[in-house]
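A.B. asks: Submitted below is the structure of interest, expressed as structure tokens.
Taken together, the values in this text are just the output of simple stated rules run on the coordinates, not laboratory data. Owing to the predicted nature of the structure, the values given are computational and were not obtained by experimental measurement. Cβ coordinates were reconstructed from backbone atoms using ideal geometry, including for glycine residues, and neighbour counts include every protein chain displayed.
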Amino acid sequence: MSTNKNCQSCGMPMKQDPQGGGRNADGSVNALYCSYCYQNGEFTFNGTVTEFQEFCRQKMVEGGHSKFMSWLFTRGMKRLLRWKNK
């Protein structure tokens, strides 16, 4: 299984994921998505990419990032594997 540098849903660096990746329904590690985005074989957020970008921006601001940095880190989400063809 290849390891991705960033989560293919939110873009967070996988090395910052405390669980080392999301979990499939069988409990195995999913290397494409982080544990914040993917649990028990399902995405934790169901909505559009625009809604998810806003959700992530708010979480980043709550976590201490500036509004500008939050915008900067989320603006490329549309190019990630999860959202690319939607």
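A.B. asks: Test each condition in (1) touching a residue at least 60 places away in the same chain (Cβ under 8 Å); (2) in contact with a Ser or Thr (Cβ under 7 Å, 6 or more places away or on another chain) for L81 and report the one that comes out false.
C.D. replies: (2)
A.B. asks: Hey, another quick one. Which condition number does N30 fail, the rest of (1) under 22 Å from N85 (Cα atoms); (2) in contact (Cβ under 8 Å) with a residue 12 or more places away in the chain being met?
C.D. replies: Of everything listed in (1) under 22 Å from N85 (Cα atoms); (2) in contact (Cβ under 8 Å) with a residue 12 or more places away in the chain, N30 misses just condition (2).
A.B. asks: Considering only the range 28-86, state which residues are on the phi > 0 side of the Ramachandran plot and touching a Phe, Trp or Tyr at 6+ places or on another chain (Cβ under 6 Å).
C.D. replies: none
A.B. asks: Next question. Give the range 1-16 a look and list any residue that's surrounded by 14 or more Cβ atoms within 10 Å (Cβ to Cβ) and either closer than 20 Å to W71 by Cα or of a type in the set (S, T, Y) (or both), or say none. Walk me through how you get there before you give the answer.
C.D. replies: Going residue by residue through the range 1-16, those that are surrounded by 14 or more Cβ atoms within 10 Å (Cβ to Cβ) are 4, 6-12, 14.
Hits for the range 1-16 are N6, C7, Q8, S9, C10, G11, M12, M14.
A.B. asks: Which number in (1) without any contact (Cβ under 8 Å) to a residue 12 or more places away in the chain; (2) loosely packed, with under 13 Cβ neighbours inside 10 Å; (3) outside any helix (DSSP H, G or I) marks the one condition that H65 misses?
C.D. replies: It fails just one condition, (2).
A.B. asks: Which residues, counting only those in the range 19-43, are within 20 Å of S70 (Cα to Cα) and either loosely packed, with under 11 Cβ neighbours inside 10 Å or not aromatic (F, W, Y) (or both)?
C.D. replies: C34, S35, C37
A.B. asks: Every residue in the range 36-64 that is in contact with a helix residue (DSSP H, G or I) (Cβ under 9 Å, 6 or more places away or on another chain), among the hydroxyl-bearing types (S, T, Y) and within 18 Å of R79 (Cβ to Cβ), please.
C.D. replies: T50
A.B. asks: Please verify whether G20 is more than 17 Å from R82 (Cβ to Cβ), assigned to a loop (DSSP other than H, G, I, E, B) and under 13 Å from the mean Cα position of the chain (by Cα), treating the condition exactly as stated.
C.D. replies: Judged against the criteria, G20 is a match.
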